[in-house]
Structure formats: structure tokens, C-alpha cells
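All remarks here apply to the structure that follows.
The values are calculated or read from the model by the stated rules, or taken from the named source; none is laboratory data. Only a predicted model underlies this, so the values are computations on that prediction, with no experimental measurement involved. Note: ideal-geometry Cβ built from the backbone for every residue, glycine included; neighbour counts use all protein chains shown. In case anyone asks, the SASA skips ligands and DNA or RNA and just uses the protein heavy atoms, side chains included. Shrake-Rupley method; radii C 1.70, N 1.55, O 1.52, S 1.80 Å.
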Amino acid sequence: MTYNECYTYFKIVGNFDPDTVTELLDIIPEEFWKIGDMRKNGTVRDFAFWRTGTCREYDIETDRQMIKTLSPLLDKTDVLNDIKARYDVDFVLEVVPTVVPGESTPCLAPSLEVMRFCCAAEIVIDIDLYVNRADNFTD
């Protein structure tokens, strides 16, 4: 049994209207909020957020998860570049592995296809690595 896991997703953050982005990309987001929306703690959000493509199917070759996340966007480089030109936004491919010492570690290198697409659409690849202890799990 492996205790390692990883998930990936694509997000847009910045100063934009999520409804407009949804319409332009023709993709329904998994989660979004607008500037001015209230957080659960009562504070007001000062940036917009739009997320899609969450892939939780762990693969030791995480580039396969990355491409699953990005696949609905691959033919939308022009639209993404238009959004980037019109609004103050950042595009991010999030890769979030959690590893356990002693387990085989996942390969976090993106494929050339992923890198080329991310460069063409100015998408940052952000890897947030977490380490878990093996004794936190019981069989």
C-alpha cells in the first residue's frame, strides 16, 4: 500500500469577473469567487478566483495528472492569452504532492507538452510539497 498522494488543478487569480471567464473558456469551474464576496470568517475577498480540472488520480508520473488537468484548456491558448491581455490575472497549474519518507517519491517533472503549453499561455507551475509521517497511518 502506498501512502503517497498527489492532486493537480488549474486556477486563475486576480482582478476579473469569473462569469466572463467561464463564458470565454466555455468551461464550468469547480469553484470560484468574485472580488467583494465574503469569506466564512466575515472578511471580504480582495481578488477573484476560478478553478477547474482537479485530478486526484495519483500517478507516480505526475505529468500525467498535469495533462489531465490541462486537457480541456489545450485548444484555448488564444482565449487564455486574450484573458491575460484584458484582465490583471495569473494562471497557475497547482501540483500538490504529499509524500511519506521511505516510499517511492513521485516524479514531479512536467512533460515537454505541459511545459510548452504553460509557456504559450503564461501559466506558472506551482508545486506545494507536503511530507507526512508513515506512523500517521494505520492499516
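Scanning the range 127-139 for residues that are open to solvent by less than 100 Å² (accessible area, probe 1.4 Å) and among the polar types (S, T, N, Q), we see that the one that is modelled with the lowest pLDDT is ASN136. Those strands (runs of 3 or more DSSP E) of the range 1-82 in which 1 or more residues are open to solvent by less than 40 Å² (accessible area, probe 1.4 Å) and under 21 Å from VAL95 (Cβ atoms) occupy 5-15, 48-55. Within the range 108-126, being surrounded by 13 or more Cβ atoms within 10 Å (Cβ to Cβ), touching a helix residue (DSSP H, G or I) at 6+ places or on another chain (Cβ under 9 Å) and not in a loop (DSSP other than H, G, I, E, B) holds for GLU113, VAL114, PHE117, CYS118, ALA120, ILE123, ILE125. Per the listing GLU103, GLU94, the residue uniquely closer than 24 Å to MET115 by Cβ, among the acidic types (Asp, Glu) and either touching a Phe, Trp or Tyr at 6+ places or on another chain (Cβ under 7 Å) or open to solvent by less than 40 Å² (accessible area, probe 1.4 Å) (or both) is GLU94. Residue pairs whose Cβ atoms lie under 7 Å apart, separated by 6 or more positions or on different chains, with the first residue in the range 26-46 and free of Cβ contacts under 8 Å to residues at least 60 places away in the same chain and the second hydrophobic (A, V, I, L, M, F, W, C) and surrounded by fewer than 10 Cβ atoms within 10 Å (Cβ to Cβ), are GLY36/VAL44; MET38/VAL44.
Consider the range 49-96 and keep the residues that are small (Gly, Ala, Ser) and under 14 Å from PHE10 (Cα atoms). The one that is nearest to the chain's Cα centre (by Cα) is GLY53.
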